[in-house]
Amino acid sequence: MVVTGRLAAAAVLAALFVTLALPSWLGVLLATLALVALIAADLLLLGSPGALELSRAPITTVRTGRSVDVELAVLNGGARPVRGILWDDWPPSAHARHRTHALNLPPNTRIRLRTELTPDYHGDRVAGPVTLRLLGPLGMAGRQVRREVPARLRALPPFRSERLLASKVRQLQHLEGRNTSTIRGQGTEFDSFREYVAGDDVRTIDWRATARANDVLVRTWRPERNRHVVMLLDTGRVSAGRVGDGTRLDATIEAALLLGGLAASGGDSVDLLAYDRRLRTEVRGIGGKRLQIKLMHALAGLTPELVDTDYQGVLRATLRRARRRSLVVWFTHLDAATVQEGLLPVLPVLTERHRVLVVAVTDPEVAAAATRRSGLDDLYATAAAENVIAEHAVARETLRRMGVRVIADAPDRLPEALADEYLELKRTGAL
């Protein structure tokens, strides 16, 4: 049971009555009986909490940083009107607004209450209990109960690089519409015939077509349009490092979303694996326009794990899923320990079967520290920053000699740099 300020005001009036009109034990008894009668009347005429039916959508999605209204439907199925207050509880990270609602429901009436949520980080938020405080017609006393109404808010990654997707897709379509390249070899698609010119490889001559024509014809080839792209996200402790306003994992998620959308627009099949000591999330067998939203939902709840990544496990998981030659894009870090102990032992097996592209996020604060020399403290910071930059340069050169391409850039420039590298691979037929 709950009481309100009205009951306190009534108790003050009763005390004044006893003091001024009937200053005796009889007056105290009469005042007390009056207050008890008022409370009893409120409780007897109170609407039943069990008559209220609460429901809402089990899941609501929104982009991180944007606002969305979550609806809560309230139905009074009882014979009495229901008056009171309702609180819709959500975790603090959902930044709920307008979550307190006044109730005044006649019998057999349904209303929809809206709570505005603005999550500031991607992931799922589970709704808390709904608190109902029902009051009687006098507004002096009532009952308070809590009801569980299961619901989730899924905050999708912000995907700020989406503005680049349309222009990159147009570049890709321009590449696909160019004259076909005369490349011959495994993994290429036949395109058309043309007349033989001096210098052409005689092995490209199609003798059957030549027999039906007046000229010697050679086959022209184009890079396969429907290739396989596998994106590997390292979600171990190296992905938890702070870079700019977020973590390394946040930056790699942004780049992976842009690459996935671009590859799907180009007709490539895209798989995604997020791995540390175990498989955290996976997207397989989805293509076309559905891929983008599938990637967003798969990556929404992904957070770094403070464990060392099992790189042998990553290799095994990749080889099981990539049966044919693919472009493997590995999002990781270029510190010496990661490269020497993690990547180098497994990359020879991977590069033997696939084309590998390593993508890493660089810290813009490290690059800025390497240029500051105004004081003694700055010199120490500059030396440490230059040491990190040199370490990454050695790692890039080591990977390059193994035939692995490396893309390393700041978080705001990494998605575009990765998309440009993918377009370059398409243009040169390196896929």
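The values are calculated or read from the model by the stated rules, or taken from the named source; none is laboratory data. Owing to the predicted nature of the structure, the values given are computational and were not obtained by experimental measurement. Cβ sites come from the backbone with ideal geometry, for glycine too, and all protein chains shown count toward neighbours. Heavy atoms of the whole protein, side chains included, go into the accessibility calculation; ligands, DNA and RNA do not. Shrake-Rupley method; radii C 1.70, N 1.55, O 1.52, S 1.80 Å.
Descriptive notes on the structure:
- Under 5 Å between amide hydrogens, built in the peptide plane, is the criterion, and for V149 it picks out V130 among residues at least 5 positions away or on other chains.
- Label-point separation, Q312 to N214 (7 Å along Cα→Cβ), nm: 6.8 nm
- Each distinct pair of alpha carbons in the range 55-148 adds a 1/r term; the inverse of their mean, the Kirkwood radius, is 14.3 Å.
- Converting phi to 3J(HN,Hα) with the Karplus coefficients 6.51, -1.76 and 1.60 and the offset θ = phi - 60°, the range 399-404 yields 5, 4, 5, 8, x, 9 Hz in sequence order, with x at every glycine or proline.
- Amide H partners (placed H, <5 Å) of R80, local residues excluded: S48
- Of L217, L54, L273, the residue with the greatest mean-square motion in the GNM of the chain, using alpha carbon springs below 10 Å, is L217.
- Carbon + sulfur, % of accessible area of the range 36-159 - ligands and nucleic acids excluded, 1.4 Å: 53 percent
- Stretchable slack from E391 to R163, in nm (0.36 nm times residue separation minus alpha-carbon distance): 78.7 nm
- Largest GNM mean-square fluctuation among W90, W330, W207, using the chain with Cα springs under 10 Å: W207.
- The range 363-372 - phi-based ³J(HN,Hα) in whole Hz, Karplus 6.51/-1.76/1.60, Gly and Pro as x: 8, x, 5, 5, 4, 5, 5, 5, 9, 8
- Point-charge dipole on Cβ atoms (K/R +1, D/E -1) for the chain, about Cα centre, debye to 20: 1560 debye
- Solvent exposure of Y196, expressed as accessible area, is near 90 Å², computed with a probe of 1.4 Å over the protein chains only.
- Heavy atoms of the protein chains alone define the surface here; on that basis the chain has 52 Å² accessible area per residue at 1.4 Å probe size.
- For R227, the residues 5 or more places off, or on other chains, whose built amide H falls under 5 Å of its own are D268, S269.
- Listed residue (A198, V238, T220) projecting farthest to the positive dipole end of the chain, Cβ model: T220
- Cα centroid separation - the range 98-165 against the range 23-52, whole Å: 32 Å
- Ranked by solvent-accessible area (1.4 Å probe, protein heavy atoms only, all chains present), the residues L302, L279 order from largest to smallest as L279, L302.
- Residue order for V346, V388 - accessible surface, 1.4 angstrom probe, largest first: V388, V346
- Per-pair calculated FRET efficiency, R0 = 45 Å: A8 and D120 via Cβ, rounded to 0.05: 0.70
- Each of W87, H122, L103 was scored by the projection of its Cα onto the charge dipole of the range 36-141, and the greatest displacement toward the positive side belongs to L103; charges sit on the C-beta of Lys, Arg, Asp and Glu.
- Cα pair distances in the chain, grouped into 10 Å bins until the bin that holds the longest one, percent each: 4, 16, 19, 16, 13, 11, 8, 6, 4, 2, 1, 0, 0
- Helical mean residue ellipticity (222 nm; -39500 (n - 2.57) per DSSP H run of 4+; nearest 500) of the chain: -11000 deg cm²/dmol
- ³J(HN,Hα) computed for each position of the range 72-81 - Karplus, 6.51 cos²θ - 1.76 cosθ + 1.60, integer Hz, glycine/proline x: 10, 8, 10, 10, 8, x, x, 8, 10, x
- Whole-percent carbon and sulfur share, accessible surface of the range 283-431, 1.4 Å: 51 percent
- Part-to-part distance (alpha-carbon centres) for the range 263-296 and the range 375-426, which is given in Å: 26 Å
- Distance histogram in 5 Å bins (all Cα pairs of the range 267-414, percent per bin): 2, 8, 15, 18, 19, 15, 10, 6, 4, 2, 1, 0
- Accessible-area value, E352, 1.4 Å probe, nucleic acids and ligands omitted, Å²: 150 Å²
- GNM result for the chain, Cα springs below 10 Å: residue of V149, V359, V314 fluctuating most strongly: V149
- Rounded to 5, the percent of DSSP beta bridges in the chain classed as antiparallel: 65 percent
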